[in-house]
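Below is one structure; the comments refer to it alone.
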Amino acid sequence: MDNAVLIALSFSYSNRKIGEVSRFFRKLYGYENHSHYGRYRSRVPGFLDRLPYVRYSKGLIMVRGDDAETVKKYLTDNGASILSWEVVPSKEDVEKLQGS
């Protein structure tokens, strides 16, 4: 793999309820579900769980160049604003991006 795309996303809190923002990030990254006061736990997968990616912070991710358009379309369709750059990943990032 020669290239990857670094995507910076922002999902504005203005004109949105806090619950909408939380739902967006849960749908994007997935979350841990707890039931019966934490007795049962399960992982609810998000959109990015089906693609290999590297997460640097809440709004900064790196994906393979082949998957970049899919991710960008998903983010813009759900109301996020994005900036993206083609980058050359480090050896550690290449290993993570070739994961699944």
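FRET efficiency for TYR31 and LYS73, Cβ-Cβ distance as r, R0 = 22 Å, nearest 0.05? Walk me through the numbers on the way to the answer.
Numbers: r = 22 Å, r/R0 = 1.02.
My answer for the efficiency is 0.45.
Could you work out how much longer the chain between VAL94 and VAL44 gets when fully extended? Use 0.36 nm per residue separation minus the Cα distance between them, nm to one decimal. List each step's numbers first, then the result.
Working: separation 50, 0.36 × 50 = 18.00 nm, distance 2.57 nm.
This chain segment gains 15.4 nm when fully extended.
When the alpha carbon coordinates of the chain are projected onto the principal axes, the ranges are 46, 35, 19 Å, largest first. Given their separation in residues at 0.36 nm each and the Cα-Cα distance between them, TYR56 and GLU20 gain 10.7 nm when the chain is fully extended.
Using θ = phi - 60° in the Karplus curve 6.51 cos²θ - 1.76 cosθ + 1.60, the 3J(HN,Hα) couplings for the range 6-17 round to 8, 10, 9, 10, 9, 10, 5, 7, 5, 6, 9, 7 Hz; x is entered for Gly and Pro.
3J(HN,Hα) along the range 55-72, derived from phi through the Karplus expression 6.51 cos²θ - 1.76 cosθ + 1.60 where θ = phi - 60°, amounts to 9, 9, 7, 4, x, 9, 9, 10, 10, 5, x, 5, 8, 4, 5, 4, 5, 4 Hz, with x in place of Gly and Pro.
Since every read-out is calculated from the coordinates, none of them should be taken as a lab result. Everything quoted here is computed from the prediction, not taken from an experiment. Virtual Cβ from ideal backbone geometry, glycine too; neighbours counted across all protein chains shown.
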